[in-house]
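Below you'll find the structure, written out as C-alpha cells, and then a few comments.
The values are calculated or read from the model by the stated rules, or taken from the named source; none is laboratory data. Nothing here was measured: the structure is a model prediction, and the numbers come from that model. Reconstructed Cβ throughout: ideal geometry from the backbone, glycine too, with neighbour counts over all protein chains shown. Heavy atoms of the whole protein, side chains included, go into the accessibility calculation; ligands, DNA and RNA do not. Shrake-Rupley method; radii C 1.70, N 1.55, O 1.52, S 1.80 Å.
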Amino acid sequence: MSNYKTDQCRILHRGMEFHFVSYEGHIANPTRGETAAPAMWFLMRAGRRHAVMPHVVGQEDPVRDRQLADWLDANAFVPMAAPVPAPPRRGR
C-alpha cells in the first residue's frame, strides 16, 4: 500500500482560478506501453487533467505557486503578438 498523499491547490492567476492536483508516480508497464513517471502536478480543466511538473514533497507553497504560474504563462495563455502596422494610405 502506498504512503503517497494527494495534494491540491488553487491558484488565482491573471484573474482566473486554476485547480491543480498531484498524483502518485508509477513504474513502467511495458505490456501496456507505459513508461515510468514521477509524482506529478496536473491542471484540472473541463473534466481532464494535464501534466504540469513533478510534485516535490515538502516544497514551499510560494515556490510551487510561482512554478505553476510560470507554467500557465508558457502553456495556457496565447502570447500577445505585436500589432501589425497599417499599410500607408495612397493619396488620390
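Remark: the Asp73-Asp7 segment gains 21.6 nm on full extension, using 0.36 nm per residue and subtracting the alpha carbon distance.
Based solely on its DSSP helices, what 222 nm [θ] is calculated for the chain when runs of n ≥ 4 H residues each add -39,500 (n - 2.57) and the sum is averaged over all residues, nearest 500 deg cm²/dmol?
-5500 deg cm²/dmol
Each 5 Å bin, from zero up to the one with the longest distance, holds this percent of the alpha carbon pairs of the chain: 3, 10, 18, 18, 14, 10, 7, 5, 3, 3, 3, 2, 2, 1, 1, 0, 0. Here the Gaussian network model covers the chain, with springs between Cα atoms less than 10 Å apart; of Ala28, Ala76, Ala51, Ala28 fluctuates the most. Simple rule: put +1 on each Lys or Arg Cβ and -1 on each Asp or Glu Cβ in the chain, find the dipole, and look at Val84, His26, Val56; the Cα lying farthest toward the positive end is Val84. All other residues whose Cβ lies under 13 angstrom from that of Asp65 are scored, Lys and Arg at +1 and Asp and Glu at -1, for a net of -3. Taking Cα centre as origin and charging only the Cβ of basic (Lys, Arg, +1) and acidic (Asp, Glu, -1) residues, the dipole magnitude of the chain rounds to 800 debye. Sites listed here are trypsin sites (Lys or Arg not before Pro) in the range 1-85 whose DSSP assignment is loop and whose Cβ has at most 16 other Cβ atoms within 10 Å: Lys5, Arg14, Arg32. Taking amide hydrogens as placed 1.01 Å from N in the peptide plane, the amide H of His13 sits under 5 Å from those of Phe18, each at least 5 positions away in sequence or on another chain.
By the scheme Lys and Arg +1, Asp and Glu -1, what is the net charge of all other residues having a beta-carbon under 12 Å from that of Ala39? Summing Lys and Arg as +1 and Asp and Glu as -1 gives -1. Let a ≥ b ≥ c be the square roots of the eigenvalues of the Cα gyration tensor of the range 40-92; is it rounded (a/c under 1.5), or, if not, prolate (a/b larger than b/c) or oblate? In terms of gyration-tensor shape, prolate. Legend: calculated FRET efficiency, Ala37 to Arg14, from the Cβ-Cβ distance at R0 = 30 Å, rounded to 0.05, equals 0.55. Ala74 sits among other residues whose Cβ lies under 14 Å from its own Cβ, and their net charge, with Lys and Arg +1 and Asp and Glu -1, is 0.
Across the accessible surface of the chain, with the other protein chains kept in place and a 1.4 Å probe, carbon and sulfur atoms take up 55 percent.
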